[in-house]
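Participant: Sharing a structure with you now.
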Amino acid sequence: MADMPVWAAPEITGWRRLPAHAVPRGGITLDGRWRFQLLPSPDASLSDRWAQIDVPGCWTMQDFEDVHGVRDLPQYLNFDMPWPDLPPHPPAVNPTGVYEREVDVPAEWAGRRVVLHVGAAESVVLARVNGIDVGMGKDSHLAGEFDVTHAVRPGEPNTIGLTVVKWSDATFVEDQDQWWHGGVTRPVRIYSTDPLYLDDVHISSGLADGGAGDLTVEVRVRSAGGLLPEGWRVSAWLDGPEPEVELPVDEEFAALAAEREQVSGWLGRVRLRATVPAVRPWSAETPELYGLTVRVFRPDGTVADESRHRVGFRTVEIVGRDLLVNGVRVYIRGVNRHDFHPRTGRVVSAEDMRADLVTMKQFGFNAVRTSHYPNDPALLDLADELGLYVVDEANVESHAYATELADDPAYLPAFLDRVSRMVRRDKNHPSVVIWSLGNESDYGVNHDAAAGWLRGYDPTRPLQYEGAIRYDYESGRAASDIACPMYASIDDIVGYARSGRQTRPLILCEYSHAMGNSNGSLSDYWAAIESTPGLQGGFIWEFWDHGLMQRVTDGRPAPDGGYAAGVAEPGYRWAYGGDFGDDPNDGNFCIDGVVFPDRTPKPVMYEHRELAGPVRIEPDGSSRVLVHNRQHFKDLSWLAAEWELSASGDAVAGRTAADRLRTVPAELPPIPPGGSATVDVPPELLAAPAGPGEVWLTLRVTTRDDLPWAPAGTTMCLPQIKVRDEDRDLITRAGEQIAGAGVGSWPVEVDGEGLLVHPLLASPPTLSLWRAPTDNDRIGGHAARWEELGLHALTREPLDVVRHGERVVVRARYTAAGGVSIAHEQVLTPTVGGVLIEETAVLPDALADVPRIGSVWETAAGFDAFEWFGQGPWETYPDRCAGGPVGAYRADVDRLFTPHARPQESGGRHAVRRFALTGGAARLAVHLDEPRQVSVTRHRDADLAAALHHDELVPLTRCVVHVDAAHRGLGTASCGPDTLAPYLVGPGTYTWSWVLSFT
């Protein structure tokens, strides 16, 4: 074996590696400090000098002494391979880590079977014990286990050695959109068993008639000595029901197994079956688990081996166009997830995984896809416990050479090995409801072979593979029971569902790409899904921003660095492709999650929470509200609620920080899942506030008690209805409100070019058509077009300035590159306490799609607080505002901006009616003619556009204020559909007006 380049032989997936199984094992942990050398290639010679490194850990994310002068840092690529050689050849320069450490093997392990467990290594691991080669395995995301009984010396120290080769033939089928790392990335341990041991346990736990559970346990038993001893037996019993249930042996299966195995006698198989009365079904909403104990006995009746399992009773099936869980059509509100951590790369602790899933649950996600490989097995334990549906995906992605490898017989063993070992490991988890054959590997006979094995081994779950349906949603039935497209448009999926051709569920494996300021039209997707039979949900791409913590001083990874609130601490930054000198790279395309690298939620998380909320409301007469339970399996008894009544009133003119006028506890009736009930609004809320302003009624829904994933009082949703419209012209009311506050008048002052002048204005209101490009703008090609048009550098030419008493009319022409002209008029009229600014702009046909049209200006320094009545409190945009209830809010100006790793347009607030800026004794207030898009930040658009990282920005002491008549939606054009037509800004005449006042 030592002379065989196994890292360049795709036909060889492992050597002396044990079959994957589902028997939990403990043992002696080998995690911690190991001796380490990083070689330039697998054939390089070792030095006498050793460094120290942590296991598990990526060597790409750790500092160690480079005794060979080799340094290997992270590299980010989407689908291109890191080297040009064709499959299956790895490059000549191939970082190879050599690990060693000692372990004291207990003397009592003498005569027992001993196994070395390597949780995961990227991408080939060769194991040795006391200098003896004990096995080899490929697959960077599944464990390799090796029988080392013959090599260990019980009762004395033993030397464990691991050689990890980074690049191999296997890398060509691990070509995911991710950082490339190297190292041992999951825990390592050594354990022992009796010579008579449980080889595998396969649990099937469905639902039977009358609320009973149907439990089948198939047990495989082996003997390290070869033949099984006569008289061994197996037992199993289930905890939880009263009384506990002991499973009888399936005698018919036993007779058949005995007939088949009577010749060899080296493998024992036992099937035990029982009907369990009155079980509590498992679902993502009700993750009920029971304990199962399995034992194998020696002929003398003593226990040789034992395993404990958690069982969830549930069924998964496809009926027509519906995926059913426990017989119920469920919406899949999912997110894609990588094993990721900003300081350790691919290495993730159980605590971090729990935090991931807790965050998902709190924001309304009920499903996770393990993109694009089996995640750490601890994640599935947590999904079982907390309640999430899992699409378990095999580690197969040959993106760069997808067409070639899908039909390549040399890679058939790899496809089959990776799918089968995942299924054998994860089959007992109730959270796993769908198997996936992999991702972005085209479609070929290798997939069909893997699907054939899987269907025979586990007929209890459907399987999916996006490549099989890529060109036709009705194709590829051998490999996919689900139409699972990625980034399909709303028109596309609705058209398919209404075509009469659809014969299976449609669940998007990826949609709504979360890169930068994104996820536009998430509410439009869900409006279509919930109103169209045959559409059942999907998985947002993706959970994490994959920004690695990097020291700015030397460009190295910073495992010891800190971070908080979405932004790396001073001296550190979130690194993306190219920041480690990696070439080639795909830039910041890895910064595409719904949470920042520190797991701080992005604004889209609040959008999703509302869309997925368990409760919705709608008016039902003048004093009642219809409450809907949007869950599939639970009533509303686990929730608490309170009514909040908010009114626009004089929130700005009266200088209030917020305007919550009424808060009254709400009693939610025990509405069954999918049901509705009418609820009376408390009488004290019906006496709406005096005055003509808007009034909104919000139902704040929270958890009633502490849950494993949410403490009592955690907000689950904020459904809202409008009780009363504004019944007066906003601008007229503004003057009345300001006068009522005792604010004096402000004469209009303009300079020679007709620009408004005031000591608290650092720059006057001028026309703005541009925004700092979002990632969607940039990658979608819009930013380049806008720059060609010169929207970022308009030239202003005053045409005339005419005074009519104190009223001033200013006409100007703004010219973009290429001579495109935009007519603009401002009418400035003194009003009580301020100035009324009425604006008109005409966009010619040449400007068919612009990012915004409105006014931009800057305040003097000193304003540090922002109050507004509109949608909030978090960032909202025209096509991402369903999760921003209307109300009165206050925030520090410095916290309004969303700190994306690559700076871009952010921090906007949608449908703002009025706002104010305060600082010291000064106050600036704006009343708008109708709800508008507003942003207040410390950054000019040009500065945002020029910066590649957040740490490059220098905040202004001023406030940069945008008031937009119209603002382009966000869309998801970085990977997926562009902004939908209703949210575009095109040619035509735009008018907007606002009152600006100072006190």
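Please treat every number below as a calculation from the coordinates, not as lab data. Owing to the predicted nature of the structure, the values given are computational and were not obtained by experimental measurement. Quick reminder, even Gly has a Cβ in these numbers, built from the backbone with ideal geometry, and neighbours come from all protein chains shown.
Participant: Please give the charge dipole size of segment 6-193, origin at the Cα centre, charges +1 on K and R Cβ atoms and -1 on D and E Cβ atoms. Round to the nearest 20 debye.
Facilitator: 660
Participant: Distance in nm between label sites at L953 and E642, each 7 Å beyond Cα in the beta-carbon direction?
Facilitator: 3.3
Participant: Can you sort V595, V347, V842 by how many other beta carbons sit within 10 Å, fewest first?
Facilitator: V842, V595, V347
Participant: Another one. Could you calculate, for segment 70-137, the ratio of the Cα radius of gyration to the Kirkwood radius, expressed as Rg to Rh?
Facilitator: Ratio of gyration radius to Kirkwood radius for segment 70-137: 1.09.
Participant: Now for a separate question. Once each part is reduced to its C-alpha centroid, what is the distance from segment 111-168 to segment 677-721 in angstrom?
Facilitator: Distance between centres, Cα-based: 58 Å.
Participant: Counting other beta carbons within 10 Å of each Cβ, put D376, D635 in order, fewest first.
Facilitator: Going from least to most buried by this count: D635, D376.
Participant: Between R455 and A981, 0.36 nm times their residue separation minus their Cα-Cα distance comes to what?
Facilitator: This chain segment gains 185.0 nm when fully extended.
Participant: If you don't mind, there's one more thing I want to ask. State the cysteines of the chain left without a partner when partners are defined as other cysteines whose beta carbon lies under 4.7 Å away.
Facilitator: C58, C590, C717, C881, C959, C975
Participant: May I pose another question? Taking 7 Å along the Cα-to-C-beta vector as the label spot, tell me the D492-T663 distance in nanometres, rounded to one decimal.
Facilitator: Reported label-point gap for D492 and T663 is 4.6 nm.
Participant: Taking R0 as 51 Å, what's the FRET efficiency between A224 and A527 from their Cβ-Cβ distance, rounded to 0.05?
Facilitator: 0.25
Participant: Based on Cβ point charges of +1 for Lys and Arg and -1 for Asp and Glu, what charge dipole magnitude is obtained for segment 340-432 about its Cα centre, in debye rounded to the nearest 20?
Facilitator: Dipole size: approximately 180 debye.
Participant: Taking only DSSP H segments of four or more residues, each worth -39500 (n - 2.57), what value at 222 nm results for the chain once the sum is divided by all its residues, to the nearest 500 deg cm²/dmol?
Facilitator: -3500 deg cm²/dmol
Participant: Give the residue from I132, G144, P154 lying farthest towards the positive end of the charge dipole for segment 6-193; charges sit on Cβ (+1 for Lys and Arg, -1 for Asp and Glu) and the dipole is referred to the Cα centre.
Facilitator: My answer, from the dipole projection, is P154.
Participant: Next up: Where in segment 665-727 are there GluC sites (Glu not before Pro) that are in a DSSP coil and have at most 11 other Cβ atoms within 10 angstrom of their Cβ?
Facilitator: E667
Participant: Farthest toward the dipole's positive end in the chain, which of V961, F998, Y191, given Cβ charges of +1 (Lys, Arg) and -1 (Asp, Glu) about the Cα centre?
Facilitator: With unit charges placed on the Cβ atoms, the residue in question is F998.
Participant: Once you put a point 7 Å from the Cα of D635 and another 7 Å from the Cα of T715, both along the Cβ direction, what distance in nm separates them?
Facilitator: Spacing of the two 7 Å Cα→Cβ label points: 2.8 nm.
Participant: Cut-off is 10 Å between beta-carbons; in what order do K166, K602 appear when sorted fewest neighbours first? Intermediate values should be presented prior to the final figure.
Facilitator: On the way: K166 29, K602 24.
Placing the least packed residue first, the sequence is K602, K166.
Participant: Output the relative contact order of the chain, whole-number percent, from Cα pairs under 8 angstrom with separation of 6+ residues.
Facilitator: 9
Participant: What's the ranking of 223-234, 754-765 by average number of surrounding C-beta atoms within 10 Å, highest first?
Facilitator: Working: 223-234: 14.2, 754-765: 17.0.
Output ranking for 223-234, 754-765: 754-765, 223-234.
Participant: What full-extension length gain, to one decimal in nm, is calculated for D104 and D48 as 0.36 nm per residue of separation minus the Cα-Cα distance?
Facilitator: Taking D104 through D48 to full extension adds about 17.8 nm, to one decimal.
Participant: At a Förster distance of 45 Å, what's the computed FRET efficiency of D147 paired with S499, Cβ-Cβ distance as r, to 0.05?
Facilitator: Once rounded, the FRET efficiency stands at 0.25.
Participant: Based on the mean of other Cβ atoms within 10 Å per residue, sort peptides 504-510, 979-985 so the most packed one is first.
Facilitator: Going by the mean number of other Cβ atoms within 10 Å, highest first, we get 504-510, 979-985.
Participant: Still on this structure: Work out how much length E806 to V445 would gain on full extension: take 0.36 nm times their residue separation and subtract the Cα-Cα distance, in nm to one decimal.
Facilitator: 121.9 nm
Participant: So, with +1 on the Cβ of K and R and -1 on the Cβ of D and E, and no other charges, what is the size of the charge dipole of the chain about its Cα centre, to the nearest 20 debye?
Facilitator: Working: 91 positive and 140 negative charges, 270 e Å.
With Lys and Arg at +1 and Asp and Glu at -1, about 1300 debye.
Participant: Mind ordering 149-155, 413-419 by average Cβ neighbours within 10 Å, highest first?
Facilitator: 413-419, 149-155
Participant: Related question: Can you compute log10 of I(q)/I(0) for the chain with the Debye formula, treating each Cα as one identical point scatterer, at q = 0.05 Å⁻¹?
Facilitator: For the chain, the Cα-only Debye profile gives -0.36.
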